[in-house]
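J.: To start, I am sharing the structure in question, which I have written as C-alpha cells.
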Amino acid sequence: ARFHGNRRSGRWEPVGSRPPLAAMFADRTAAGAAVESLWRSARSARCEAKSCQTGKISTAETAVQSHTSRDAGVQTDQSKDAVQDFQQEVQVDYASLLSFLQRVEDAVIKELNKNWESRAFDGFEVNWTDQNETVLCLHTLSYPEAQDQNLQVTSVSWNATGSVVACSYGRLDGGDWSTEKSYVCTWNLDRRGLNPQRPDLVVDVPSSVMCLAFHPSQPSLLAGGLFSGELVVWDTSRTEDPVIWRTGMTDDTHTDPVYQVNWLPDAKHRNHNRLLSVSTDGKILMWREERDGRLALAEGFAVVAQQVPRSAQLKKFTWGEAAVGVTSLSFSHFDPRVFVVGVEGGYSLKCSMAAETLALHRTGSSVPLRAPAELAFSPQGGPVYSVSCSPFHRQVLNLFLSCGTDGQVHLHSMLQTQPLLSLQLSKKYLFCVRWSPVRPLVFAAASGEGNCNRCFWFTGDVHLFDFEKSSQKPALSIKQAAGEHPVYCVEFNTKQTRLLAAGDAAGAVRVWQLSSDFTEQGPREMNHLEQLASEITD
C-alpha cells in the first residue's frame, strides 16, 4: 500500500483514505439562530430616555437694575395755594372784554391803517448776523515769482460764486512790454488750508495782462485783455493748457492795450454771453466764441473825435486825433443798451448799443464799426481811468461815478453835462472807482499820488465813501500797504457782500472784510441819494 505524509498531523496516511471533495463540500440548510437583546427589553421595562447630550442645565433669571423704582421731578411741587391763584387768574370776564374791544375798535383800526400807509421802514431788512463795526484785512495774497520781477497787480475779479478771486500781473511803469512774461493767479478763499503765497492756479501769459473778468454764471471761465491787444479766455478748472478761446493777432484785433473786458448777454442766443473789449485804439468790440477755439468779431464801435457830440468845454480836434482812446466802460443797470465810457482826453461819454451811424474809421475790419457816442460830459483835469454806473433803481440809475488823474471822484447824472458833485482826494491819482452793490450811498476808490505817465506814485489807499455820513470826505481810508505803492484796482464781491478786494503796485491783493456800516442798507436810503442829487442840482 502506498502512504503519503499529512503535514497538518505529521503522520503518514494510506493513499485513498481521504473522502472525495464532493463529499467534503455540499449545500445544506441549517436552522436559524437568534440572540435576544437583554438591553432593549430591560430599557423598555424601565422606560429610560437616553440622549447624547449632557445632563439638564440649570438656569436663573437676573436683572441689571434694582427691583424697586421711583419717579422724580426737576421742579418743586406746586402748592395748593398757587394752583388756586392760577385758576383764579384764568377766569375771564368775557362780557367786559367784549365791551372794551367794541369801545377801542375804531381807534385801533385807525392806527393800523396809518401804519399800513406809512413808509417809515421802506428798504429796511432785518439782519440776524453779528454786527461788525470794524474793517479787517482777512487775506494778503501774492505770487512771489511775480513780485520778484517787480510786477504789479493790474486787475482783480470775483467769480460767480464769490469764493474765488483772480488777479492779473503786469507792469505799468515801463519795461519791455512785448517780451516780458506775466501771470494770472487765482485763490479759492473757501479752500481749507489756504496758502496766501501759493495760488491755486498760475497761468503764464506772454504779454502783460491789463484786465480780467470772470463769467457771470460759469465760475471757472475767466477772460483777460492783454497789452498786445489780444483777448484770451481761460478755463480755471483745467490745470493743463487752460486757454479755451483767444482772438489771435488779426486785422480785427485791437492795436493798443485792452484796458477792460466785460461779459454781456447774447441777444440772439439765450443763455449765451458775448465778450466785450475796450482799448485805447478807440474801438469797443464784441466777440463770439467759435468751435475752433477762436474769438471772432461779431460787432463793434469806434469812438472818433469828429463824431463826438460837441460841448462848450471840449476842445476842437484835428484829423490826426481821430481815434479817441477808451480806458473804461460801465453799462447802465436799467437800460442794457446804454453805457458810459471814460477816455484819455479827460471826459466821459454816454453811448448807445443801438447806434446805427457808421464810424469814420480808416482801419480795415471784418464788420462795419458804428459811432456810439450820444453825449459828452464836461472835461476833467486829466485822463479818465474808471467809470461806474449806479446799480440801483431807475432814478438812481441816471447817476454814475468817474475818476482819473485829477484826483477827484465826479458824481454825474446822465441827463446833464456838468457833474453834480466833485470830491477832491488831496493830490492823489485815482485809478479805480466802484459803486457798492448793496448800499446806494456807498462807493470805493483806489488811489495813488504822483505825476506819472500813468503810474508814478508815493502812496496808495482804499477810500470808502458814505454819502449818508458826508458828501465831502471819505468815511474811511484804508492803508493798503506800507511803502510807496498805489492801489490800481478795487472790486466789491456781489455774492459775499462784506468782501472787498484791492490790488496794488507791490504785487499784493488784500481782501478786506467790511463793517456792517458799509454793507447794511438803511431805511429809504435810495431816496436819500435822489434827494442829495436834487439838492446839488438846485
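J.: Given a Förster distance of 35 angstrom, what is the FRET efficiency for ILE109 paired with HIS528, based on the Cβ-Cβ distance and rounded to 0.05?
T.: 0.60
J.: Long-range amide H contacts for LEU141: which residues qualify at under 5 Å (H placed 1.01 Å from N, peptide plane, sequence gap of 5 or more or a different chain)?
T.: VAL509, ARG510, VAL511
J.: Here's something else I'd like to know. Test of understanding: what is the full-extension gain from SER516 to SER99, defined as 0.36 nm times their sequence separation minus their Cα-Cα distance?
T.: 145.3 nm
J.: In whole Hz, with x marking every Gly and Pro, tabulate ³J(HN,Hα) for the range 382-387 from phi via Karplus 6.51 cos²θ - 1.76 cosθ + 1.60, θ = phi - 60°.
T.: Result, rounded to whole Hz: x, x, 8, 9, 7, 9.
J.: For the range 99-114, take each phi angle, set θ = phi - 60°, evaluate the Karplus expression 6.51 cos²θ - 1.76 cosθ + 1.60, and give the result in whole Hz per residue in order, putting x for glycine and proline.
T.: Computed from phi, the couplings for the range 99-114 are 4, 5, 4, 5, 6, 9, 4, 4, 5, 5, 4, 4, 5, 5, 5, 5 Hz.
J.: Moving on. Enumerate the amide H contacts of GLU299 below 5 Å, restricted to partners 5 or more residues apart or on another chain; note that Pro and chain-start residues carry no placed amide H.
T.: When sequence neighbours closer than 5 places are left aside, the close amide H contacts are MET286.
J.: Tell me, what is the Rg over Rh of the range 136-535, with Rh the Kirkwood radius over Cα pairs?
T.: Here Rg/Rh amounts to 0.94.
J.: So what is the relative contact order of the range 136-535, in percent, for Cα pairs below 8 Å that sit 6 or more residues apart?
T.: That works out to 13 percent.
Readers should treat all values here as calculations from the given coordinates under stated rules, not as data from a laboratory. All figures in this text were calculated on a predicted structure; none of them were measured in a lab. Here Cβ is always computed from backbone atoms with ideal geometry, including for glycine, and neighbour counts include all displayed protein chains.
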